[in-house]
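Comments concern the structure below.
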Amino acid sequence: MSAFSATAQAQGFDAVRLYGAKIAEDGATIGGGAIYAPRYMGAKDYHVQGFPLIDYRWANGFFAGTGNGLGYNFAKSGPATYGLRLTADFGRKESLDARLHGMGDVDIRPEAGAFFNYALAEGLEATHSLRYGSGQTKKGLVADFGISYTRPLAPRILLGVGVGASVVNAEHMQSYFGVSSQQSLSSGWAVYNPKAGLRDARINLLLSYALSERSGFSLGVSANQLGSEAKASPLTQKSRSLSAFGGFSYLL
């Protein structure tokens, strides 16, 4: 049933979730869904956005897809998974919201990083991820931390809960929440230079229903709270937000 968690989490690269096959086998997960979320981090208005789920995992340790990026898992057994990967920071368009007019686009950037997950107990896992290369300077650094717990409620129903947080450097914070002197002139916002620190913390709730041994639906909600530096940005309209997502996944 863990493949359905992958569907719901396809909204970002905050953790590596290697579902779809046993350790020594090839396997894939396909599917897709939609998420209802703020137009950008800190926005008050929402929009609906679809996402594909195509993730493949090879028995030799390589993996590739929309949920995990492109990488290699060095662990072949045991409670830990760890490795290196390439992901993408999808940036931000100033056309998303009137509050961003004059700020310019934050371009899509490739990110290089590493990950480490550890199974603490049955159904309980700690996840860690490090990603570098985002933002206007291509020097943005994001460190993600999370703990998730899943348990069956019925033969076909799985409940998942999780908490997570992202800590970023000043370059990443400036790209998404700062206002440079040039941006101040074009947008009208006061100059703001945030420091490195907690970008956001979140709580996730997921409910999955298995249609068969290989397919199922997932529905979930996520509550998000911005850190103090992001909250103080003139671009931030709401520091707290709720997102909802749903999707379908199939194990090949």
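Things to note:
A quick yes/no check of all residues on (1) in contact (Cβ under 8 Å) with a residue 12 or more places away in the chain; (2) of a type in the set (A, V, I, L, M, F, W, C); (3) within 30 Å of Y192 (Cβ to Cβ):
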position: S215; (1), (2), (3): yes, no, no
position: L219; (1), (2), (3): yes, yes, no
position: G227; (1), (2), (3): yes, no, yes
position: S233; (1), (2), (3): yes, no, yes
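- Exclusive hit being open to solvent by less than 30 Å² (accessible area, probe 1.4 Å), closer than 25 Å to A244 by Cβ, small (G, A, S) and within 17 Å of the chain's Cα centre (by Cα), set G140, G146, G113: G146
- Restricting the range 62-87 to residues that are open to solvent by 80 Å² or more (accessible area, probe 1.4 Å) and over 23 Å from E122 (Cα atoms), the residue that is farthest from the chain's Cα centre (by Cα): F62
Here is a yes/no grid of residues against (1) open to solvent by 40 Å² or more (accessible area, probe 1.4 Å); (2) of a type in the set (G, A, S):
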site	(1), (2)
L153	yes, no
M173	no, no
A190	yes, yes
L198	yes, no
L206	no, no
G247	no, yes
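- Residue list for the range 123-137, filter: over 14 Å from the mean Cα position of the chain (by Cα) and open to solvent by 20 Å² or more (accessible area, probe 1.4 Å): G123, L124, E125, Y132, Q136, T137
- Some residue of the range 226-238 being within 24 Å of T127 (Cα to Cα) and surrounded by fewer than 16 Cβ atoms within 10 Å (Cβ to Cβ): yes
- Summed over the range 47-61, residues that are touching a strand residue (DSSP E or B) at 6+ places or on another chain (Cβ under 6 Å), exposed (fewer than 14 other Cβ atoms within 10 Å of the Cβ) and either modelled with pLDDT of 95 or more or among the aromatic types (F, W, Y) (or both) total 1.
- Taken across the range 194-209, residues that are closer than 24 Å to G33 by Cα and of a type in the set (K, R) do occur, with at least one present.
The values are calculated or read from the model by the stated rules, or taken from the named source; none is laboratory data. Because the structure is predicted, anything quoted here is derived from the model rather than measured. Virtual Cβ from ideal backbone geometry, glycine too; neighbours counted across all protein chains shown. For accessibility, only protein heavy atoms count, side chains too; no ligands or nucleic acids. Shrake-Rupley method; radii C 1.70, N 1.55, O 1.52, S 1.80 Å.
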